[in-house]
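Worksheet: one structure, shown below.
The values are calculated or read from the model by the stated rules, or taken from the named source; none is laboratory data. Everything numeric in this text was worked out from a predicted model, so none of it was measured. Please note: Cβ atoms are built from the backbone with ideal geometry, for glycine as well, and neighbour counts cover all protein chains shown. Accessible surface is based on the protein model in full, side chains and every heavy atom, while ligands, DNA and RNA are left aside. Shrake-Rupley method; radii C 1.70, N 1.55, O 1.52, S 1.80 Å.
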Amino acid sequence: MPRHTTAAAALLAAALLTLTACSSSDDKAEDKPSPSATASELTQKQKDEISKAAGIPPKPTGAKRQQLLDALAAVAPDVVRYEDKAVDAARNQCRSINDNGGKLDWAASMRFTYKDVKTTEAQGAKINDALKKSGFCKV
């Protein structure tokens, strides 16, 4: 298991244990949160830390978001047709880049293909280069 995945799993487990350890033995069963409810109660900061440990950069806003979209549009203009999808695909591609994953160009072509946007492996290679050069994937 890649170290980012292991770290993310450990952080999630620790967060869940911390949240569930707060109840006393006097609590009634119906008063205790279910494990799924506990997981959904993670703070945004905890979620960001888990993502960071997994090699996923935070969701960009404002100027940083526009810089990312501009970098992607410069190498594969169609992928930014759906801006939110492009941002999500970029964040997920960073995880592969940061984990030194295999078939990065192919993975990018798959991640950035959606709806009526078709991305080739050659474009995937350019996307990977743009993500690395822009510094977006640094967490």
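As a summary of the residue check, residue 88 satisfies the conditions (1) buried (at least 19 other Cβ atoms within 10 Å of the Cβ); (2) closer than 13 Å to residue 57 by Cβ except for the one numbered (1). In the range 72-89, the condition of being at pLDDT 95 or above and touching a Cys at 6+ places or on another chain (Cβ under 7 Å) is met by no residue. If you go through the range 96-139 and pick out every residue that is among the small types (Gly, Ala, Ser), open to solvent by less than 30 Å² (accessible area, probe 1.4 Å) and more than 16 Å from the chain's Cα centre (by Cα), you end up with 3.
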